[in-house]
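FYI, it's all coordinate maths here, none of it is from the lab. The shown structure was predicted, so the numbers you read here are calculated from the model rather than taken from an experiment. Here Cβ is always computed from backbone atoms with ideal geometry, including for glycine, and neighbour counts include all displayed protein chains.
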Amino acid sequence: MPVMRPAIVDDLPALTDIYNHYVVHTAITFDLRPFAPVERRAWFDDHATSGRHRLIVAVDVDGTVLGYATTSRWRPKAAYDTTVEASVYCHPGAVGRGCGTGLYAALFEAIAAEDVHRIVAGVSLPNPASLKLHERFGFRPVGVFRGVVVTAAEQVQRREVSPQSRVVG
Ligand SMILES: CC(C)(COP(=O)(O)OP(=O)(O)OC[C@H]1O[C@@H](n2cnc3c(N)ncnc32)[C@H](O)[C@@H]1OP(=O)(O)O)[C@@H](O)C(=O)NCCC(=O)NCCS
């Protein structure tokens, strides 16, 4: 059974590796290139061991980081202060074994006494595991943003077709 604890800066390379896996192999992060750990330091520092914005890691008995979950600022304007956005990533070798559930349980317990009015989450579709996890914790669908992102593959496709488009145009 993994241990859930607040992240420490020594976890950053492992957290970056997990995130980069999903950047490179999926379209779920909305980032288009992998990061070096140092580039994720500001993101790491946006979370603390108190307050609304937390970063919890799941760690195996041998110390391997199996995943992480965060609450982060949702939008910059002041009236959104008490809304947080939740996010969770498990190591690709640790999915489907309760890691995500354990992380969210620990994360939401950690912020239970904080002044949080609403927790939101964004899930790129399709992602049945993520939808199930969020439903399990009481999230309900409120809407779908369509056509708001262009993935790396689509960008390549656009670059490939654009010279022809210019000739035609
Ligand atoms: C989404 C994710 C965090 C879920 O964590 P997990 O450890 O794999 O999921 P759990 O084992 O805790 O299961 C959570 C629920 O999802 C269900 N589930 C898990 N994998 C599933 C799958 N592939 N398809 C459908 N449901 C699935 C489980 O049955 C469980 O439902 P239950 O509570 O009704 O039993 C994890 O799969 C992951 O990191 N995926 C890649 C990154 C990602 O998509 N992050 C979310 C971005 S919004």
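Of everything in the stretch 122-134 that is more than 6 Å from the ligand (Cβ to nearest atom) and in a loop (DSSP other than H, G, I, E, B), the residue that is nearest to the chain's Cα centre (by Cα) is Gly122. Within the bounds of the stretch 149-156, is there any residue that is away from the ligand (no atom under 15 Å from the Cβ), farther than 18 Å from Ala58 by Cα, among the polar types (S, T, N, Q) and free of Cβ contacts under 8 Å to residues at least 60 places away in the same chain? Looking for residues that are away from the ligand (no atom under 15 Å from the Cβ), farther than 18 Å from Ala58 by Cα, among the polar types (S, T, N, Q) and free of Cβ contacts under 8 Å to residues at least 60 places away in the same chain, one finds none in the stretch 149-156, hence no.
Candidates Leu133, Leu66: the one that is among the aliphatic types (A, V, I, L, M), touching a Pro at 6+ places or on another chain (Cβ under 8 Å) and surrounded by 14 or more Cβ atoms within 10 Å (Cβ to Cβ) is Leu66. When the stretch 69-88 is filtered for residues that are buried (at least 22 other Cβ atoms within 10 Å of the Cβ) and hydroxyl-bearing (Ser, Thr, Tyr), the ones remaining, listed by number, are Thr70, Thr71. If you go through the stretch 45-65 and keep only what is in contact with a Leu (Cβ under 6 Å, 6 or more places away or on another chain) and within 14 Å of Ala94 (Cα to Cα), you end up with Ala58, Asp60.
Just one of the listed residues (Asp31, Asp11) is among the acidic types (Asp, Glu) and over 15 Å from the mean Cα position of the chain (by Cα), and it is Asp11.
Of all the residues in the stretch 101-122, those that are β-branched (Val, Ile, Thr) and crowded, with 18+ Cβ neighbours inside 10 Å number 2.
Within 16 Å of Ala69 (Cα to Cα), away from the ligand (no atom under 11 Å from the Cβ), part of a loop (DSSP other than H, G, I, E, B) and out of contact with any Gly (no Cβ under 8 Å at 6 or more places or on another chain) - does that describe any residue in the stretch 98-113? Yes, there is a match, as at least one residue in the stretch 98-113 is within 16 Å of Ala69 (Cα to Cα), away from the ligand (no atom under 11 Å from the Cβ), part of a loop (DSSP other than H, G, I, E, B) and out of contact with any Gly (no Cβ under 8 Å at 6 or more places or on another chain).
With respect to being within 11 Å of the ligand (Cβ to nearest atom), assigned to a loop (DSSP other than H, G, I, E, B) and small (Gly, Ala, Ser), Ser87 falls outside the description.
Considering only the stretch 27-45, I want to know if a residue exists there that is in contact (Cβ under 8 Å) with a residue 24 or more places away in the chain and touching a Cys at 6+ places or on another chain (Cβ under 8 Å). So far as the stretch 27-45 goes, no, none of its residues is in contact (Cβ under 8 Å) with a residue 24 or more places away in the chain and touching a Cys at 6+ places or on another chain (Cβ under 8 Å).
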